[in-house]
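**Q** For reference, the structure I am asking about is given below.
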Amino acid sequence: MANGYIRLSRKFFSGHYWIQERAYSYAEAWLDLIVMARYQTEPGIKTLASGRTVNVLRGELHASLRFLSERWGWGVDKCRLFLAKAEKNNEIEHRVEHRETILKLVNYDRYNPPPDENRTSTSTSTEHRPVHRPVHRPVHRPVHRPVQIRRKRRTQKGKEGGEGAPPHPPNSDFFENSELNSVFCDFLEQRAVKDTKCNTPKAVELLVRKLSGVPVDMAKRMIETSIENNWKGVFPEKQNARTEKTKSNRENKYAEIDEMFMVRDDDEN
């Protein structure tokens, strides 16, 4: 029974057995990649929250490490090792488009034939069968009268970019460092999920100006901290201030001990 296939409806992956909260196994994660991959033969265009667009071909999917780790209940490191192992076994490939990673399932067409091929392979020969012509019978359909829908007019304020106007998509090239730029774009996408109007050009400009004034490594840590805590803003690190305070307290304590021994020495003399 090792050969052959079984038919599994895609509705299974939205049923109560599959959607229960749990940490996915490696097998469940692999099935999830197959389900999320694009099935249509024509390419699809995906628009991201930052305003960028990527092309997704058949058997491909666009998903970040952070998205997959949250979906599967894993850590980012475990998710990265799983994808690296699958790529080493020649099970998946990846490409980069506009600084976005696109995953491709290598043998997707082998186990999931296109719709036309699937219908051709499952159809049986009708060469020696009589042709049954359908009988066309008149169908009495109810007359649907058009219903006039009153459309809401956009206010002049909304047309000029005020309330009701969609935020202008920010530019994707914010920093010269590619890693910092990629983390910042992920942060903008997370902000857009919480509030679609927070990524205005002025707000993004202030964030870029704030992060440009600190070293690249510190800026990356600030953004990653905001992503992990689901914050809408970025804040300076408090570790340095805490370290300086601890160092100052330690020096004061050592000074008190030295002064105590000096007093004892004076008493003995």
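The numbers here are math on the coordinates, done by the rules we state, and not lab data. Small disclaimer: the values here were computed from a predicted structure and weren't measured. Virtual Cβ from ideal backbone geometry, glycine too; neighbours counted across all protein chains shown.
**Q** Please arrange Cys79, Cys185 by counting, for each residue, the other beta carbons lying within 10 Å of its beta carbon, fewest first.
**A** Going from least to most buried by this count: Cys79, Cys185.
**Q** Arrange His62, His98, His16 by Cβ neighbour counts within 10 Å, fewest through most, would you?
**A** His16, His98, His62
**Q** Can I ask one more? Expressed as a whole percent, how much of the Cα-Cα distance distribution for segment 10-111 exceeds 25 Å?
**A** Taking all Cα-Cα pairs of segment 10-111, the fraction more than 25 Å apart is 20 percent.
**Q** At a 10 Å Cβ-Cβ cut-off, how would you order Ile6, Ile34, fewest neighbours first?
**A** Neighbour counts put them in this order, fewest first: Ile6, Ile34.
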